[in-house]
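The values are calculated or read from the model by the stated rules, or taken from the named source; none is laboratory data. Because the structure is a prediction, the values reported are computed rather than measured. Here the Cβ positions follow ideal geometry from the backbone for every residue, glycine too, while neighbour counts run over all protein chains shown. Areas reflect the complete protein model, heavy atoms only, side chains present, ligands, DNA and RNA absent. Shrake-Rupley method; radii C 1.70, N 1.55, O 1.52, S 1.80 Å.
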Amino acid sequence: MEAKPSYKLSLAPESFRPTVMGRHYAVACGHYLAAQAAARVLEAGGNAIDAGVTASMALAVLQPDIVSFAGVAPTLVYTAKDRRVTSLAGLGHWPAATDVGRLRELGGDAIPEGILRTVVPAAPATHIEALRRFGTVSFAQAARPAAELASGGFAMYQRLAWSIASDAAAFGRWPSSAAVFLPGGSAPAAGSLFRQEDLGRSIAGMIAASEAASGGRERQLDAAADYFYRGPVAKSFDAFHRANGGFLRADDLAGFTVPIEESLTARYGDYTVHVNPAWCQGVSLLQALALVRAGNPAALGHNTPAYLHRLAEAFNLAFADREAYLGDPRFVNVPVEGMLDGDYLARQAARIDAARAFGRMPEPGRPHGSESLSLAHLHRWKRGTASVAKASADTIYCAVIDKEGNVYSATLSDNTHDIPVISGTGLAGSSRGSQSRLQEGHPSVVAPGKRPRLTPAPALITRGGEPFFAVGTPGGDVQMQAMLQTFLNVVEFGMPLQKAVEMPRVWSANFPNSFAPHDYIPGALCVEEGVDPATSAALSALGHHIQTWARFPAAGGGICAVMQDPATGLRHAGADPRRECYALAW
């Protein structure tokens, strides 16, 4: 008789892809060519910030439907030498000539599509400032891969081909956009070579200006910024806006600077979670983490009805506070300290009923500092304005950790289908004005010089002052929800990073969508395929209005993350197969 082995051998993978690991560095971002560009910088001796900026600029070329080279770039940087996290406020403001009355006349309750939703481009200045303060390479070295990909082209991939074809009518509204995205009158086919020659010339112009500058690296960085914000690019923006009824002027660009700030932080056990300040929604992640932790997530069990219910209700409370209080802190009083106060969050956590969903956006809490703030703007959300949740297609993310322990974490964004390309530049401006409001009394109501309330919001987590985790994703209002679930998959449920990224997710839509026209679906909870149908049924019984979403193509984000293993010091990276995300390590 043939002997049977006394053990079972299983080679079944625990994820579609492996968690990549290396001793020296790890990179995770939205496209494989951008990841490769970052790796080339690291191999040549650059640090994480050099590599991250390189990848971020490349991503704006590789994913031009969802990221503008002239868009937004909220960034977090951890520097190993001083064990500190710094926030770069990569978000532009409304131009000085902004006419709120005109916006209301054309858009009613929501910012109209087109040139009028343009805010000052922030990404180029943010990348240059990151290189200046934390990097080591020249602007030319960091920008050359982006210029090469724009001028020489890259292979049109399926998702981008689908995105352009789906929005062909939108791109076709403006000849300058159609020339880029509908060459020859139709959307490019998957597998074809896609060039953006005007964009390549704009980036090459910045490179040439930097290389022509004398006086060292600092002056070269200034020259690259001057070419964009005070030179040929700024003049093109000004002329195009004047000719097409836009608000943006050369003075708006010339006066733009990137605020350098302390990050907002909250503790989660041994971990300190860092996000950008309250001009973006990062504070909602900090609130939700506290509300979930109060329910002992590990004891509830991964993706059980009780756990997913807790997640959804935590975000319903956090996003009710977001709708009530968040706006540009330079213009409105955002009670951040009160929103993150432990006693306040304990009271908020006690509002979650394990046996029943809110069923609609709950009333916001009243944190310390909000007592005098009006909540009249919330009254319009007593009824729903839509029945089906919409997926937010824009935004991409980049994370890098290097051998010294420096970390770069940035979320790049601004789609190009709802705003025209500036003729001759290949650049769409920053369409982030779509997240501002036109309702008087709203904390994010439009005003000249004011920033919109931003959804892109990277995170960076430390442990004992050392880098541990950097994570981000596209997805609009899904971002914080997908990021939280991935983080907890690692720290509460012990999953390898790639598995943590790939696990099925849920996300609430039980609040006004951050994008115009700000649809609201009372009680909506989106559930990815892969969640047990019995779990979905149990969530429905609790009062959630379940909408089932496919995992492919992605609606629930496209997570990328890097991690430093506290036990081994190895750098890990994970990238979401729901999109074109890719991870590398060495």
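Data overview
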{"read-out": "Failed item, numbered, when ASP532 is tested on (1) open to solvent by 30 Å² or more (accessible area, probe 1.4 Å); (2) charged (D, E, K, R); (3) in contact with a strand residue (DSSP E or B) (Cβ under 9 Å, 6 or more places away or on another chain)", "value": "(3)"}
{"read-out": "From GLY558, GLY543, residue being in contact (Cβ under 8 Å) with a residue 12 or more places away in the chain, within 23 Å of ALA357 (Cβ to Cβ) and assigned to a loop (DSSP other than H, G, I, E, B)", "value": "GLY543"}
{"read-out": "Top-ranked residue in region 304-359 [being in a helix (DSSP H, G or I) and among the polar types (S, T, N, Q); ranked as nearest to GLY476 (Cα to Cα)]", "value": "ASN316"}
{"read-out": "Residue list for region 376-409, restricted to those being in contact with a Gly (Cβ under 7 Å, 6 or more places away or on another chain) and more than 15 Å from CYS560 (Cβ to Cβ)", "value": "ALA376, HIS377, SER392"}
{"read-out": "Matching residues in region 373-416 - criterion: being of a type outside the set (Val, Ile, Thr) and on the phi > 0 side of the Ramachandran plot", "value": "GLY405, ASP414"}
{"read-out": "Verdict on GLY101 being surrounded by fewer than 24 Cβ atoms within 10 Å (Cβ to Cβ) and at positive phi", "value": "no"}
{"read-out": "Tabulated pairs, region 29-55, first assigned to a helix (DSSP H, G or I), second aliphatic (A, V, I, L, M) and open to solvent by 10 Å² or more (accessible area, probe 1.4 Å), C-beta under 6 angstrom, 6+ apart or interchain", "value": "ALA35/LEU584; ALA39/LEU584; ASP50/VAL41; ASP50/VAL137; ALA51/VAL41; ALA51/LEU42; THR54/VAL41"}
{"read-out": "Condition check for GLU261: within 19 Å of ALA123 (Cα to Cα) and either of a type in the set (Lys, Arg) or outside any helix (DSSP H, G or I) (or both)", "value": "yes"}
{"read-out": "Yes/no for ALA312 being closer than 30 Å to GLY114 by Cα and among the small types (Gly, Ala, Ser)", "value": "no"}
{"read-out": "Hey, GLN481 more than 14 Å from ASN316 (Cβ to Cβ), within 20 Å of the chain's Cα centre (by Cα), polar (S, T, N, Q) and crowded, with 22+ Cβ neighbours inside 10 Å or not", "value": "no"}
{"read-out": "Tally of residues being without any contact (Cβ under 8 Å) to a residue 40 or more places away in the chain and either under 18 Å from HIS127 (Cα atoms) or open to solvent by less than 50 Å² (accessible area, probe 1.4 Å) (or both) across region 224-240", "value": "6"}
{"read-out": "Single residue of ALA585, ALA538, ALA575 found to be more than 16 Å from the chain's Cα centre (by Cα), of a type outside the set (S, T, N, Q) and crowded, with 19+ Cβ neighbours inside 10 Å", "value": "ALA585"}
{"read-out": "Residue match in region 496-503 (condition: modelled with pLDDT of 95 or more, among the acidic types (Asp, Glu) and in a loop (DSSP other than H, G, I, E, B))", "value": "no"}
{"read-out": "Failed item, numbered, when ILE260 is tested on (1) surrounded by 19 or more Cβ atoms within 10 Å (Cβ to Cβ); (2) in contact with a Lys or Arg (Cβ under 8 Å, 6 or more places away or on another chain); (3) not aromatic (Phe, Trp, Tyr)", "value": "(1)"}
{"read-out": "Sole residue being in a helix (DSSP H, G or I), under 22 Å from the mean Cα position of the chain (by Cα) and surrounded by 17 or more Cβ atoms within 10 Å (Cβ to Cβ), chosen from ILE128, ILE111", "value": "ILE128"}
{"read-out": "Residue list for region 73-89, restricted to those being open to solvent by 10 Å² or more (accessible area, probe 1.4 Å), part of a strand (DSSP E or B) and over 12 Å from TYR408 (Cβ atoms)", "value": "ARG84"}
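Yes or no, residue by residue, for (1) more than 22 Å from the chain's Cα centre (by Cα); (2) open to solvent by less than 50 Å² (accessible area, probe 1.4 Å); (3) farther than 23 Å from GLN36 by Cβ; (4) not polar (S, T, N, Q):
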site: PRO124; (1), (2), (3), (4): no, yes, no, yes
site: ALA140; (1), (2), (3), (4): yes, yes, no, yes
site: GLU148; (1), (2), (3), (4): yes, no, no, yes
site: ALA168; (1), (2), (3), (4): yes, yes, yes, yes
site: GLY172; (1), (2), (3), (4): yes, yes, yes, yes
site: ALA179; (1), (2), (3), (4): yes, no, yes, yes
